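To keep things clear, I will list the structure first and then write my remarks on it.
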């Protein structure tokens, strides 16, 4: 598969409700099969609804940890800009959650780790 665009291994974290509010997006870049720290980005966001105790146990982020972070509406432009037209490697559920939050984004392709 020729990769003439950026590749990001994307992980998202939610607040534990359905549908989840995103509380974290991590997008480390990959170049020549190795992590590319120069393109890696990560965002923490303040959810509209509180983080459930179960979700906090899974990812370690609480509502209090996120209260001073920007909301998703303030963050989504930067996430879209980084990932727009890039190749995405993500677990199926993570990709679905991100796609629901950025419906206008069209990746170059998706590598589903499921």
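Values quoted throughout were computed directly from the atomic coordinates according to the rules given, and no laboratory measurement underlies them. Because the structure is a prediction, the values reported are computed rather than measured. Heads up, the Cβs are rebuilt from the backbone with ideal geometry, glycines too, and the neighbour counts pull from every protein chain shown.
Only DSSP H runs of four or more residues enter the estimate; each adds -39500 (n - 2.57), and after division by the residues of the chain the mean residue ellipticity at 222 nm equals -8000 deg cm²/dmol. Our Cα-only numbers for the chain put the radius of gyration and Dmax at 14.1, 43 Å.
Principal-axis analysis of the Cα atoms of the chain puts helix 72-83 at an angle of about 10° to the longest axis. Sorting 30, 25 from the fewest to the most surrounding beta carbons within 10 angstrom yields 30, 25. Contact order for the stretch 48-114, expressed relative to its length and based on alpha carbon pairs under 8 Å spaced 6+ residues apart, stands at 29 percent. Kirkwood's formula applied to the C-alpha pairs of the stretch 55-108 gives a hydrodynamic radius of 12.7 angstrom. Between the alpha-carbon centres of the stretch 83-114 and the stretch 1-49 there is a gap of 9 Å. Relative to the longest principal axis of the C-alpha atoms of the chain, give the angle of the C-alpha long axis of helix 92-101, reported between 0 and 90° and rounded to the nearest 10°. With both axes taken from Cα atoms, the answer is about 80 degrees.
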